[in-house]
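> My questions all concern the structure below.
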Amino acid sequence: MLVKECMELAAVNLGIEDALQNFFSGEGTAEDNKKGELLLTCFNIVENELALDYFPLLGEDTLTSDGGVIAFSSLSKPAVRITKVTDKWGNSVPFQLFPGYVKTQPGEVCVTYTYAPVKKTLPDESDFSALVPARLIACGMAAEYTMATGLFEDAAVWDKKYKENIRAAYRLQKCERIRSRRWV
């Protein structure tokens, strides 16, 4: 899903579709541009919140190092937490975390990590295209927008809808279930 699509859904929820269309076309007033920029900021806030608090985004990079030191800057995305390091055959490898790097065995390793999304602009695509419905992001954007504009009662309503959508998205995700045990 594109950032623009999420912004359009949020604008419909908020009743500011005309202002957003003027912002997209570049023919908007200063007020329209302010609303459009605020919606874009709200998108970035919601996407970051979802990635860090609810639905971690997983990245995986295969890297080679002679001394077993892999700098966080060499990863393709901004890592938040390293979850696993494996060798080229898929076997788990011990690793230690340091402030600027990961220390592991020398050679080729695959680093699996969670990451924070980078700041998006209008033509960009969301990192949650396959994980989270656009409706969920739009509700979060509406909650952030109404809070930022001082509409606190509306913000409480949108925040409740946002949290309900997060719970519904959790239920839709695959999860391992443990069969109940039958005692005889």
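> Output the number of the condition that P94 fails; it satisfies all remaining conditions of (1) under 15 Å from Y115 (Cβ atoms); (2) out of contact with any Asp or Glu (no Cβ under 8 Å at 6 or more places or on another chain).
The one condition P94 does not meet is (1).
Residues are listed down the side, and each one gets a yes or a no for (1) within 24 Å of K163 (Cα to Cα); (2) of a type in the set (S, T, Y); (3) in contact with a Cys (Cβ under 7 Å, 6 or more places away or on another chain):
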site: M1; (1), (2), (3): yes, no, no
site: C6; (1), (2), (3): yes, no, no
site: L20; (1), (2), (3): no, no, no
site: A30; (1), (2), (3): no, no, no
site: L57; (1), (2), (3): yes, no, no
site: S73; (1), (2), (3): no, yes, no
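> Give the number of residues within the stretch 103-141 that are of a type in the set (S, T, Y) and under 14 Å from L2 (Cα atoms).
Total satisfying the criteria: 3.
> Just to be sure I understand, how many residues within the stretch 28-43 are among the small types (G, A, S) and either part of a helix (DSSP H, G or I) or crowded, with 21+ Cβ neighbours inside 10 Å (or both)?
Of the residues in the stretch 28-43, 2 are among the small types (G, A, S) and either part of a helix (DSSP H, G or I) or crowded, with 21+ Cβ neighbours inside 10 Å (or both).
> Further question on the same structure: Yes or no: the stretch 82-92 includes at least one residue that is open to solvent by 20 Å² or more (accessible area, probe 1.4 Å) and under 23 Å from the mean Cα position of the chain (by Cα).
So far as the stretch 82-92 goes, yes, one or more of its residues are open to solvent by 20 Å² or more (accessible area, probe 1.4 Å) and under 23 Å from the mean Cα position of the chain (by Cα).
> Continuing with the same structure: How many residues does the stretch 129-146 contain that are surrounded by 15 or more Cβ atoms within 10 Å (Cβ to Cβ), under 14 Å from the mean Cα position of the chain (by Cα) and either among the acidic types (D, E) or over 26 Å from K34 (Cβ atoms) (or both)?
Total satisfying the criteria: 3.
> Which members of the stretch 62-76 meet the condition of being open to solvent by 40 Å² or more (accessible area, probe 1.4 Å) and within 13 Å of F95 (Cβ to Cβ)?
Hits for the stretch 62-76 are V69, F72.
> Ok, one more. Considering only strands (runs of 3 or more DSSP E) fully contained in the stretch 62-175, which possess at least 3 residues that are charged (D, E, K, R) and in contact (Cβ under 8 Å) with a residue 12 or more places away in the chain?
Working: elements: 69-71, 79-87, 101-103, 107-115.
Output list reads 79-87.
> Against the definition (in a helix (DSSP H, G or I), open to solvent by 70 Å² or more (accessible area, probe 1.4 Å), in contact (Cβ under 8 Å) with a residue 12 or more places away in the chain and on the phi < 0 side of the Ramachandran plot), how does L50 come out, yes or no?
So L50 fails the test.
> Out of the residues in the stretch 18-27 that are in a helix (DSSP H, G or I) and exposed (fewer than 13 other Cβ atoms within 10 Å of the Cβ), state the one that is modelled with the lowest pLDDT.
If we take residues in the stretch 18-27 being in a helix (DSSP H, G or I) and exposed (fewer than 13 other Cβ atoms within 10 Å of the Cβ), then S25 is modelled with the lowest pLDDT.
The values are calculated or read from the model by the stated rules, or taken from the named source; none is laboratory data. Source: prediction; values computed, not measured. We place every Cβ from the backbone using ideal geometry, glycine too, and count neighbours over all the protein chains shown. Quick note on the areas: whole protein, heavy atoms, side chains included, nothing else; ligands and nucleic acids left out. Shrake-Rupley method; radii C 1.70, N 1.55, O 1.52, S 1.80 Å.
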